[in-house]
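Worksheet: one structure, shown below.
We did not get these values from a lab; they are worked out from the coordinates using the rules stated. What you are looking at is a predicted structure, and each value in this text was computed from that prediction instead of being measured. Glycine gets a Cβ as well: all are built from the backbone with ideal geometry, and neighbour counts include every protein chain shown.
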Amino acid sequence: MGAYRRFYFLPALLMLFFGVTVESPGQEKYPDRPITIVAPFPPGGVADLTARPVAAALEKVMKNPVVVVNKTGAAGAVGMSFVANSKPDGYNLLLALSSISIIPEADKLFDRKPAYTMDQLIPIALISADPTIFVVNASRPWKTVKEFVAEAKRRPGAISYSSSGVYGTLHMAMEMLTHSAGINLKHVPYAGAGPALTAILGGHVDTLASGPAVVIPHIKAGKIRPLAGWGAKRVASLPDVPTFKELGHDIEFYIWAGLFAPRSTSPAVMKTIRESVKQAVNAAEFKAAMEKLQTPIAYLDAPEFQKFWDKDAKMLADAIKRIGKLEIPEAK
């Protein structure tokens, strides 16, 4: 019997000694079926346009189908809540924007039951981070931020800006500016970034905060004029446009996109996803796709992304508290 036991345990001891691992009979290989990336906004927006090249690159790396599904509604809360409450098995991931931090804070403000909480999600990687650009209609007289602020102080509430909606990212960027400069502007919310851009191009509002890829063609066409950027450094394609920090305003804001998973996803699965995403964002095809979108890659792995997210979320929470409760008007 003793000899039998020695013979039975010998292979296991050898595998432990040489660091060999095997899957247990009940352990599933990951991934072994299609992975879904949920984009919580409609097709054609930043989340959707970023999710699709991410999915295509991930599919090649993981040698497994990766599909994008648009689960829209409630300013992104429907899709975010779906992933936050999904089974933490690595098969439902979320491609979220900075608004992921806004919705729970707005729910608190209005004493609503939260659609989800941020601690239900764990970051995988930051994919992109576009510094917001402050533009004015080209027919308006302001050539500098100093001129703009001076007139805003002379005429409180008279100068208008459009946004993608109340408490949206574009609203948040402008709130940071008004708070830093000590000015009061007229907020005109629209049903999305597209209509907000149309409003300034048509001269219906005076100013707008927007991602650079959206406004650069109209800057080149002479329809709008950039005065400053919210980034830590100047946008490469707009080298003559100063940052707000250069002008003495300590504000920094990005329209970013990142991947998330449900909080309790196992470390082993998270490791696989993180390593796969790192390879995917370095693929030539992915870089070309993002260049076509005029969106710079700003990859950060989970630990660094968590720090970035924490800082960004606090900044947004502070902005929402300053704004306070607002009646959300019917979208234009």
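When only Cα pairs below 8 angstrom with a gap of at least 6 residues are kept, the range 133-229 shows a relative contact order of 46 percent.
Under 20 Å from a label point set 7 Å out along the Cα-to-Cβ vector of Ser180, the amide N atoms of the range 289-325 belong to 308-324. The slack in the chain from His204 to Phe110, taken as 0.36 nm per residue of separation less the alpha-carbon distance, amounts to 30.8 nm. Express as a percent, rounded to the nearest 5, the fraction of DSSP beta bridges in the chain (both residues included) that run antiparallel. Among the beta bridges of the chain, antiparallel pairing accounts for roughly 60 percent. Comparing Ser276, Ser81, Ser163 in a Gaussian network model of the chain where C-alpha atoms under 10 Å apart are linked, the largest mean-square fluctuation is found at Ser276.
Hey, can you rank 228-235, 93-100 by average C-beta count inside 10 Å, highest first? Write out the running numbers ahead of the final one.
Details: 228-235: 18.5, 93-100: 25.4.
Output ranking for 228-235, 93-100: 93-100, 228-235.
For the range 67-181, the relative contact order works out to 20 percent when only alpha carbon pairs closer than 8 Å and six or more residues apart are counted.
Orientation-averaged projection of the range 28-79 equals 3.8 nm² [convex hull of Cα atoms, one quarter of hull surface area]. Classify the range 133-229: rounded, prolate or oblate, from the alpha-carbon gyration tensor (a ≥ b ≥ c, eigenvalue square roots; a/c under 1.5 rounded; otherwise prolate if a/b is larger than b/c)? Note, shape of the range 133-229 comes out oblate.
At 222 nm, what value in deg cm²/dmol follows for the chain if DSSP H runs of at least 4 each add -39500 (n - 2.57) and the sum is divided by all its residues, to the nearest 500?
Details: 11 runs with 137 residues, N = 332.
Estimated from H runs of four or more residues: -13000 deg cm²/dmol.
For the range 97-140, a/c is not less than 1.5, where a ≥ b ≥ c are the root eigenvalues of the C-alpha gyration tensor, and a/b does not top b/c. That puts it in the oblate class. For the set Lys186/Lys325; Lys278/Lys321; Lys87/Lys325; Lys29/Lys60, the pairs lying more than 28 angstrom apart at their alpha carbons are Lys278/Lys321; Lys87/Lys325.
Note on the chain: along the principal axes its Cα atoms extend 96, 44, 33 Å, ordered by decreasing extent. Taking a ≥ b ≥ c as the square roots of the Cα gyration tensor eigenvalues, the range 175-304 comes out prolate, since a/c reaches at least 1.5 and a/b is larger than b/c. Under the membrane-span-like helix rule (DSSP H runs whose alpha carbons stretch at least 15 Å along the helix axis, mean Kyte-Doolittle hydropathy -0.5 or higher), the chain yields 2-18, 46-62, 169-181, 267-281.
By DSSP, what percent of the beta bridges with both residues in the range 133-229 are antiparallel, rounded to the nearest 5? Provide the component values of the computation, followed by the final result.
On the way: 9 of 15 bridges.
Restricted to the range 133-229, the bridges split so that about 60 percent are antiparallel.
The range 145-175 and the range 266-316 have Cα centres separated by 31 Å.
Neighbour counts of other C-beta atoms within 10 Å: give me Glu147, Glu59, Glu175 arranged from fewest to most.
On the way: Glu147 14, Glu59 17, Glu175 23.
Starting with the residue having the fewest Cβ neighbours, the order is Glu147, Glu59, Glu175.
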